[in-house]
Amino acid sequence: MLKVSLLRREVFDLKVTTGAEMRNIDKTAIEKYGIPGIVLMENAGRCVFDVCENYISKSGKSNVLIVAGKGNNGGDGFVVARLLKNKGYSVSLIVVSEKSDIKGDALTNIEIAEKIGIDIKTYKPEIFEKEIFKCDFIVDALLGTGLKGEVREPYKTVIESINKSEKYVISVDIPSGLDSDTGEILGSCVVADETVTLALPKRGLYLENSFLYTGKLTVADISMPSIIYENDMDIKGNVLTKEEAFEIMPKRIKRSNKGTYGRLFVVAGSKGMTGASYLCCKSAYRTGCGVVHSCIVNSAVSVMQSILPEAVYIPLEDMGGFVYKDSIDDVEHEMYKASAFVIGPGLGGRKQVSEFVKQILVDIDVTAVIDADGLNAIADDTDILKKMKKMPIITPHPKEMERLTGIPVKDILNNTVDVALDFAKTHNCVVLLKDSRTVIANPKGEFYINTRGSSALAKGGSGDVLSGIIGSLVSQGCDTFESAVLGAYIHGITGEIAGERFTNYGSLSGDFADIIPEALKSILE
């Protein structure tokens with residue numbers, strides 16, 4: 001789990017921005033609302049100063065080296081230098097630029113720093129190495145969200161020297177060298193112990209392997225008017241907070257019965273893969289569904305009944321242990337009862353399964369969660385998603401997404417947000433694209449990045465648990481998009497708890513299902 005703290009602001013929902021969106025927010029604050037840019041820079045610097053002072057108080061180490069570039073990121077660093085100097089700390093400032101290249105508010109702040117006697121040096125390799133050796137910790141104010149393309153010299157050498165020093169590093173806004181939109185490492189990147197991201201977190205801080213570079217992430221309130229986020233900017237990116245998760249959780253009422261909380265039909269399992277149905281059905285019950293109907297091949301019913309007696313069973317006629325087109329009749333006789341469907345886990349990859357899946361998808365008139373073999377069955381005809389009566393949720397991992405789109409896995413992993421958004425828009429579905437930072441997107445262009453989870457979840461059957469959780473939430477009346485977002489969040493928490501209890505090595509998918517009530521409790525507390 002990425003550790004995120006907040007400075008001076010209670011957050012219900014947490015927006016995430018691209019670099020371009022953040023620049024537009026800054027511009028709107030300055031031009032429309034009359035907030036001087038130098039005020040925003042002062043507020044940003046003070047927030048970073050607070051984090052620095054917190055580190056000093058905990059570590060007892062107060063000799064700081066601030067490494068700054070020529071832009072506004074460097075300008076924030078100049079403010080930090082002044083504030084630390086004013087409190088009596090030992091401050092050295094190295095600027096990786098000529099003073100003549102520094103403009104605007106950054107220039108104003110470096111001139112103030114000069115006048116109050118801060119030790120300012122222009123970058124030279126031999127001077128820099130001496131300053132790094134002397135300091136206790138480093139403030140990285142080199143490069144901000146405007147960086148595009150690979151880091152060039154001398155910044156590349158500066159970043160490498162910072163990393164080799166093994167000194168404690170606090171990065172301003174984003175670790176220098178990290179793409180603020182994609183999380184890609186642009187050749188070289190500062191490995192920070194803490195990152196203080198300003199106003200709103202940047203999208204790239206949650207993507208790719210960026211968590212290896214950001215360290216502890218603090219979202220700092222620089223007094224940007226909230227009206228900008230609410231009225232002036234249509235920011236589509238989000239990270240789910242515990243407060244928002246609580247609000248969208250389906251509510252339990254005293255005067256209720258099993259029908260109150262929905263009926264989920266789970267079409268899953270086949271010869272040799274009964275466990276997929278078991279994990280999905282059990283997870284749905286653990287998440288609060290009233291009744292779970294297991295639609296499973298006739299040959300597997302007795303096994304399922306012995307391990308999950310709580311489910312209602314709809315035996316499906318099968319051919320060699322797998323569903324086929326004539327199995328549809330068995331489901332359709334009962335489907336009028338369904339609040340939602342989960343289709344795909346453990347069905348198998350045979351052609352006969354594909355025929356069955358394609359037919360049932362166009363027949364059902366409630367929301368379906370399509371996973372695993374359900375996705376493989378429609379890979380040659382993804383337009384079927386647009387023909388469904390209700391907008392579905394699809395839950396592909398990157399290889400399944402490759403089959404659906406034709407985009408190589410490598411390219412998907414480099415751009416998960418845009419791949420998910422594009423497919424959601426063109427196929428009118430909610431896309432939950434699994435990754436270490438799962439992305440959930442809808443056709444309106446809205447998306448969430450899930451920050452919960454651990455490597456414990458990298459086990460066979462984990463996706464079956466996730467499908468059951470999401471299907472259960474839909475059955476209980478949650479909005480389709482919110483069911484996918486909240487489902488990923490709950491699933492992630494189960495992985496964190498299981499990892500702590502059984503280690504990330506020894507956790508099983510059955511453990512995730514059993515831990516769901518604890519995950520729910522952590523949200524409801």
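Some values worked out for this structure:
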| quantity | calculated |
| --- | --- |
| Hey, residue 112 in the same structural domain as residue 49 (by TED's automatic domain parsing) and touching a Phe, Trp or Tyr at 6+ places or on another chain (Cβ under 8 Å) or not | yes |
| Some residue of region 42-58 being more than 17 Å from residue 108 (Cβ to Cβ) and small (Gly, Ala, Ser) | yes |
| Considering residues of region 473-524 that are closer than 14 Å to residue 250 by Cβ and β-branched (Val, Ile, Thr) only, the residue surrounded by the fewest Cβ atoms within 10 Å (Cβ to Cβ) | 523 |
| Search result, residues across region 138-164 that are surrounded by fewer than 16 Cβ atoms within 10 Å (Cβ to Cβ) and either within 26 Å of residue 21 (Cβ to Cβ) or touching a strand residue (DSSP E or B) at 6+ places or on another chain (Cβ under 8 Å) (or both) | 146, 148, 149, 150, 152 |
| Within region 111-127, tally of residues that are touching a strand residue (DSSP E or B) at 6+ places or on another chain (Cβ under 7 Å) and either touching a residue at least 40 places away in the same chain (Cβ under 8 Å) or in a loop (DSSP other than H, G, I, E, B) (or both) | 2 |
| Wholly within region 387-468, strands (runs of 3 or more DSSP E) carrying at least 1 residues that are within 14 Å of the chain's Cα centre (by Cα) and among the hydroxyl-bearing types (Ser, Thr, Tyr) | 447-449 |
| Entirely in region 308-373, the strands (runs of 3 or more DSSP E) that have 1 or more residues that are in contact with a strand residue (DSSP E or B) (Cβ under 7 Å, 6 or more places away or on another chain), in contact (Cβ under 8 Å) with a residue 60 or more places away in the chain and within 16 Å of residue 280 (Cβ to Cβ) | 340-343, 368-370 |
| Single residue of 99, 85, 130 found to be modelled with pLDDT under 95, of a type in the set (Lys, Arg) and assigned by TED's automatic domain parsing to the domain that holds residue 173 | 99 |
| Residues of region 45-75 classified as in a helix (DSSP H, G or I) and among the small types (Gly, Ala, Ser), total | 5 |
| Filter result (under 20 Å from residue 38 (Cβ atoms) and either among the basic types (Lys, Arg) or part of a strand (DSSP E or B) (or both)) within region 76-90 | 82, 85 |
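The values are calculated or read from the model by the stated rules, or taken from the named source; none is laboratory data. These figures come from a predicted structure and were not determined experimentally. Quick reminder, even Gly has a Cβ in these numbers, built from the backbone with ideal geometry, and neighbours come from all protein chains shown.
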